[in-house]
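Written below as structure tokens is the structure these notes are about.
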Amino acid sequence: MSRHEQILELEKRFLLPTYNRYPVSFERGKGVFLFDFEGKKYLDFVAGLGVNALGHGHPRILKAIREQSARAIHLSNLYYNEYQGQLAQRLCQLSGLDRAFFSNSGTEAIEGSIKLARLAGHKNGGDSKSQLVALHGSYHGRTFGAMSLTGQEKYRKGFEPMLDAVTFVSQNNVEALRAAVNSNTCAIVLEPIFGEGGILECSEEFLRACRALADEHHAALIFDEIQCGLGRTGNMFAFQSFGVVPDIVAIAKPIAAGVPLGAFLAKESFASSISPGQHGTTFGGGPLACRVALEYLAIVEEEHLLERVSKVGAYLRQQLESLVGIYETAREVRGRGFIQGLVLETPARPIVEQALAEGILFNVTQDTVLRFLPPFLLEEKHVDKGIKVLKKLLGKKRKKTNLPVPAVPAPGVTAS
Ligand SMILES: *Cc1c(COP(=O)(O)O)cnc(C)c1O
């Protein structure tokens, strides 16, 4: 039995059958590449679902982990540690928000965000100010609160009842939004760019309407930037690309370069509603995770990675768009920077599996969307390599007369 077969066999017997994994086990990674147990090398356009923005084995991350793990990995939130305050300060400087809470995951950052919005709502408008507005097609995580906000039947089915205080509206439907938000609304929750939902961007007009309605009704505008935030759009926060500032923003995936950490940041007007004992966590904000997150932010700045994401992201977009011109199955390119999707006419999983055999890692979401969430270290030559394999796999070429009707004009590909 190969090492991969042994791993597969054990998982099959002893794990809850929750995952539909691709048929490969990875042993290690280096930069933008992963290696399986046979030593085969794979170019990574997935980055551990957006977590490994610095790829694998970044020397500064390794050094921070080595040094800090020898000093203290975990201390608990009973005591102060050196790095939680520093990281909060840095994230507040970068976002313009005022206070931070650290969790262990994205889902927990969402849970904390809506708990804070409920507290503020009850303070401003009494017990009835508890309603949440979220978007159809969204994804916010797997706990009951986050799942209740997730506007996709497949994630909720079988687990009902959900929180009953959530109203869903369609993305970019300002009229429906107006009808849904009222004086009992305590929060509007949305991803500025749907990630799992298929790389769909909120329009600036829609986000401005969310901002205005939240202000009018003293509700919290909560952005879930767990996937699109912390650099992936070419700005540190996605909201900086759209010009609308939320009251609360949830972040996670890349923040500590693979060490589990999430956070939400809040404006003082909402943050001041919570008191000691009303929220907490055992693991969140430990010295190792916070120190590594500080290193992540320093590396993104000092290695000019936002500029890289904008530049190579624009190149990726251009290359993907050229595929739409050539292949019958390629319908549309969505997203910007290093959060992009190529929409196909047919299920994308077979393409992902064939690409795996060719040594390229892609991901699929919403069945027909090839999703690209590459590490920020990706270069044009890597894009070329991925595109070359896609060209091999996308099948039938269009006849010249067969070009798709242009969809809604593509949003700006580079960040301002
Ligand atoms: C991944 C993700 C989550 C959930 O984060 P976990 O770390 O898996 O709990 C929530 N919202 C968005 C937009 C995500 O991409």
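The values are calculated or read from the model by the stated rules, or taken from the named source; none is laboratory data. This one's a predicted model, so the numbers in the text were calculated from it and none came from an experiment. FYI the Cβ positions are ideal-geometry reconstructions off the backbone, even for glycines, and counts take in every protein chain you see. Accessible surface is based on the protein model in full, side chains and every heavy atom, while ligands, DNA and RNA are left aside. Shrake-Rupley method; radii C 1.70, N 1.55, O 1.52, S 1.80 Å.
Longer than 20 Å from Cα to Cα, which of K157/K253; K129/K154; K129/K253; K41/K381; K123/K267; K30/K381 are they? Say none if no pair is.
Values: K157/K253 25 Å; K129/K154 29 Å; K129/K253 31 Å; K41/K381 16 Å; K123/K267 16 Å; K30/K381 17 Å.
In this structure, K157/K253; K129/K154; K129/K253 exceed 20 Å between Cα atoms.
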_As I understand it, the dipole of the chain uses +1 on the Cβ of Lys and Arg and -1 on the Cβ of Asp and Glu, about the Cα centre. Which of G125, A252, Q84 lies farthest toward its positive end?_
A252
*Restricting things to alpha carbons, tell me how big the range 253-303 is in terms of Rg and Dmax, in Å.*
13.3, 40
_How large is log10 of I(q)/I(0) for the range 304-396 at q = 0.13 Å⁻¹ when the intensity is taken from the Debye formula with one equal scatterer per alpha-carbon?_
-0.38
*Tally Lys/Arg at +1 and Asp/Glu at -1 over every other residue whose Cβ is under 14 Å from the Cβ of A209; what's the total?*
-2
*asked:* Could you give each residue of the range 185-201 its phi-based ³J(HN,Hα) in whole Hz, using Karplus coefficients 6.51, -1.76, 1.60 with θ = phi - 60°, and x for Gly or Pro?
replied: 6, 9, 7, 10, 10, 7, 8, x, 10, 4, x, 4, x, x, 6, 10, 8
*Sorted by accessible area with a 1.4 angstrom probe, largest first, how do V312, V24 fall?*
V24, V312
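Between rounded, prolate and oblate, where does the range 283-346 land on the alpha carbon gyration tensor, with a ≥ b ≥ c its root eigenvalues, rounded for a/c under 1.5, else prolate if a/b exceeds b/c?
Values: a/c = 6.34, a/b = 2.28, b/c = 2.77.
The shape class here is oblate.
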_Positive dipole terminus of the range 72-302, leading residue within A214, A263, S241 (C-beta point charges)_ = A263
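Show R336, R3 ordered by accessible area, largest first, where the area counts protein heavy atoms only and the probe is 1.4 Å.
Numbers: R336 15, R3 120 Å².
Descending order: R3, R336.
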*Fully extended, how many nm does the chain gain between F37 and T282 (0.36 nm per residue separation, minus their Cα-Cα distance)?*
84.7 nm
*asked:* Can you compute the modelled spin-label distance between R13 and E204, with each label point 7 Å from Cα toward Cβ, in nm?
replied: 5.9
*Classify the range 230-339 as rounded, prolate or oblate from the Cα gyration tensor: take a ≥ b ≥ c as the square roots of its eigenvalues, call it rounded if a/c is under 1.5, otherwise prolate when a/b beats b/c and oblate if not.*
prolate
_Suppose every Lys and Arg Cβ carries +1 and every Asp and Glu Cβ carries -1, with no other charges. What dipole size does the range 72-302 come out with about its Cα centre, to the nearest 20 debye?_
360
_Euclidean distance of C-alpha centroids, the range 161-214 and the range 352-367, integer Å_ = 31
_Whether the range 114-226 is rounded, prolate or oblate, judged on the alpha carbon gyration tensor where a/c under 1.5 counts as rounded_ = oblate
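Roughly how many Å² is the accessible area per residue of the range 149-218, as a whole number, for a 1.4 Å probe? Intermediate values should be presented prior to the final figure.
Details: 3150 Å² over 70 residues.
So the range 149-218 comes to 45 Å² accessible per residue, rounded to a whole number.
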_Sequence of K396, K30 when ordered by accessible area, the most exposed leading, probe 1.4 angstrom_ = K396, K30
*asked:* Could you work out how much longer the chain between D127 and K400 gets when fully extended? Use 0.36 nm per residue separation minus the Cα distance between them, nm to one decimal.
replied: 92.1 nm
*Quick one: go through the range 178-202 and flag any residue whose amide nitrogen is under 12 Å from the point 7 Å out along the Cα-to-Cβ line of E321.*
none
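Summarise the long-distance tail of P(r) for the chain by giving the % of C-alpha pairs beyond 32 Å. Working shown, then result.
Working: 31960 of 86320 pairs.
Looking at the chain, the distances longer than 32 Å represent 37 percent of pairs.
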*Considering only the other residues whose Cβ falls under 13 Å of the Cβ of Q340, what net charge follows from Lys and Arg at +1 and Asp and Glu at -1?*
+2
*For the range 72-302, with the dipole built from +1 on Lys and Arg beta-carbon atoms and -1 on Asp and Glu ones, taken about the Cα centre, which of G145, L230, Q93 lies farthest toward the positive end?*
G145
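Rounded to the nearest 5, what % of DSSP beta bridges with both residues in the range 194-302 are antiparallel?
60
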*Distance in nm between label sites at E345 and R156, each 7 Å beyond Cα in the beta-carbon direction?*
3.4
_Share of carbon and sulfur in the accessible heavy-atom surface of the chain [1.4 Å probe, %]_ = 54
*Label-point separation (nm) for F144 and Q354, each offset 7 Å from Cα along Cα-to-Cβ?*
4.6
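Please get the size of the charge dipole for the range 163-242, origin at its Cα centre, with Cβ charges of +1 on Lys and Arg and -1 on Asp and Glu, quoted in debye to the nearest 20. Mind showing how you got there, number by number?
Values: 4 positive and 11 negative charges, 22 e Å.
With only Lys, Arg, Asp and Glu charged at Cβ, the dipole is about 100 debye.
What is the extension gain from K381 to Q93, computed as 0.36 nm multiplied by their sequence separation minus the C-alpha to C-alpha distance, in nm to one decimal? List each step's numbers first, then the result.
On the way: separation 288, 0.36 × 288 = 103.68 nm, distance 3.43 nm.
Separation in residues times 0.36 nm, less the Cα-Cα distance, equals 100.2 nm.
What does DSSP give for the range 72-302 in terms of the percent of beta bridges that are antiparallel, rounded to the nearest 5?
Numbers: 11 of 26 bridges.
Roughly 40 percent of the DSSP beta bridges within the range 72-302 come out antiparallel.
What are the trypsin sites (Lys or Arg not before Pro) within the range 97-177 that DSSP puts in a loop, where the Cβ has at most 11 other Cβ atoms within 10 Å?
Sites meeting the loop and neighbour criteria: K157.
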*How far is the Cα center of the range 1-46 from the Cα center of the range 91-136, in Å?*
36
*How much accessible surface does L16 have with a 1.4 Å probe, in Å² rounded to 10?*
140
*Counting Lys and Arg as +1 and Asp and Glu as -1, each charge on the Cβ, what is the dipole of the chain about the Cα centre in debye, to the nearest 20?*
980
_Total formal charge among the other residues, if their Cβ is under 13 angstrom from that of P287, Lys/Arg +1 and Asp/Glu -1_ = -1
*Please list, or write none, the lysines whose alpha carbon is within less than 26 Å of the alpha carbon of K400, excluding same-chain residues fewer than 8 places away.*
K385, K388, K391, K392
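Compute the orientation-averaged projected area for the range 72-302 from the convex hull of its Cα atoms and round it to one decimal in nm². If you can, show how the numbers build up before the last one.
Details: hull surface 47.9 nm².
Mean projected area of the Cα convex hull: 12.0 nm².
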